[in-house]
Amino acid sequence: MKPITDTAFYCCGARMLDAAQDQPICGDDYAQLFMCAYGMKIFERFKALEQSNASIIVRHRIMDDMLRQLLYNNHDLNVVTIGAGFDSRPYRLHGGHWFELDEPELIAYKDILLPSDQCSNPLHREPINFDTEDLVDKLLQLPHSGPVVFVLEGVVNYLCESDIQNLLGELDYEFPKHRLMCDLVNRETVDKYGQTLNQVLTAMGAPFQSVDHPEAIFLQSGYQAREAVSVMDASLDLGISLVPKFFLRSFFQAEVTGNSVCMWEK
Ligand SMILES: C[S@@+](CC[C@H](N)C(=O)[O-])C[C@H]1O[C@@H](n2cnc3c(N)ncnc32)[C@H](O)[C@@H]1O
């Protein structure tokens, strides 16, 4: 698999450890299914990075909660996860018509271990070679009736500014009106807190492509921010961080806003 695709084992491994806790944050019991010897070998490189692993779990939970709310409001929502990795939300959340796009090798492996026809919600998986195939061609195959939310989790950080602009342009071309949920980490936060993580990723061949103000790309592309949840704030609310909130807000303001989950709309 490509190095960036291998990083899906990192996120999955973090969710597997969470699911094994007495009181898990996400409770993704499917994660352990995918963690074969190859996946565990990749995850071993990241296992000791407790803060980064916690961040993955918290952002996943924020996204779970945001999607639960959207599905509560619209049971038939189309949910399109681009770079889905080993995301198991179609199996864990109620409602929705689900579409997952990722590299062919990952989709083939996922289909064997967790077949889409075993999902209680309608689920379609679509393989795409992100380097050589056109995303628009894949989007063409999706239903264009009804509201749609795109999910980009753990993806934007690996793309440079022009790649993000192109991706947003492709979504706009096929779906001029949609919502988009993603996690955004700015350059300052990566430089301050993500250096060890980025060293591991760089050694794998999948470094972060940090951007100073990633949210500006979305605003320039015509999106309006519907909601933004700080991963640090949420960690506190979920009982992971022990730093008092006033202390967090007073002394770590840049960190509070530098790593967040955003819901965009156009
Ligand atoms: C860090 S993993 C995140 C996986 C999953 N979303 C999660 O949070 O568990 C990054 C994923 O993005 C996929 N990917 C690779 N290139 C991509 C691109 N150009 N656009 C979108 N996704 C891409 C990879 O194959 C991989 O599954």
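When every Cα-Cα distance of the chain is counted in 5 angstrom steps from zero, the calculated P(r) takes the values 1, 6, 13, 18, 20, 19, 14, 7, 2, 0 percent. Once both labels are positioned 7 Å from their Cα atoms along Cα-to-Cβ, the gap between Leu33 and Met204 label points is 2.1 nm. In this label model, Gln23 and His94 are separated by 2.4 nm, measuring between points 7 Å along each Cα→Cβ vector. With 0.36 nm allotted per residue and the present C-alpha distance subtracted, the Lys41-Val136 stretch has 30.8 nm of extension available.
Of all beta bridges DSSP finds with both residues in the chain, what is the antiparallel percent, to the nearest 5? The partial results should precede the final answer.
Working: 13 of 31 bridges.
That works out to approximately 40 percent antiparallel.
Count Lys and Arg as plus one, Asp and Glu as minus one, and take only other residues whose Cβ is under 15 Å from that of Lys41; the net charge is then 0.
FRET efficiency for the pair Lys266 and Ala48, taken as 1/(1 + (r/R0)^6) with r the Cβ-Cβ distance and R0 = 41 Å, rounds to 0.55.
Computed extension length for Leu113-His75: 11.0 nm, one decimal, from 0.36 nm per residue of separation with the Cα-Cα distance subtracted. Each Lys and Arg Cβ is given +1 and each Asp and Glu Cβ -1; about its Cα centre, the chain then shows a dipole of about 600 debye. Distance between the modelled labels on Thr196 and His144, one decimal in nanometres: 5.0 nm (7 Å Cα→Cβ projection). Grab the other residues whose beta carbon is less than 9 angstrom from that of Leu93, score K and R as +1, D and E as -1, and report the net. Summing Lys/Arg as +1 and Asp/Glu as -1 gives +2.
Can you tell me the relative contact order of the chain? Whole percent, Cα pairs under 8 Å, sequence separation 6 or more.
Details: 418 pairs, mean separation 47.3, N = 266.
The normalised contact order for the chain reaches 18 percent.
Taking a ≥ b ≥ c as the square roots of the Cα gyration tensor eigenvalues, region 53-116 comes out oblate, since a/c reaches at least 1.5 and a/b does not exceed b/c. Counted by Cβ distance under 11 Å from His213, the other residues give a net charge of -3, where Lys and Arg count +1 and Asp and Glu count -1. Screening the chain for whole DSSP H helices of 24 Å or more along their axis (Cα) with average Kyte-Doolittle hydropathy at least -0.5 returns 3-19, 50-73.
FYI, it's all coordinate maths here, none of it is from the lab. Note that this is a predicted model, so its numbers are computed, not measured. Note that we place each Cβ from the backbone using ideal geometry, even for glycine, and neighbour counts take in every protein chain shown.
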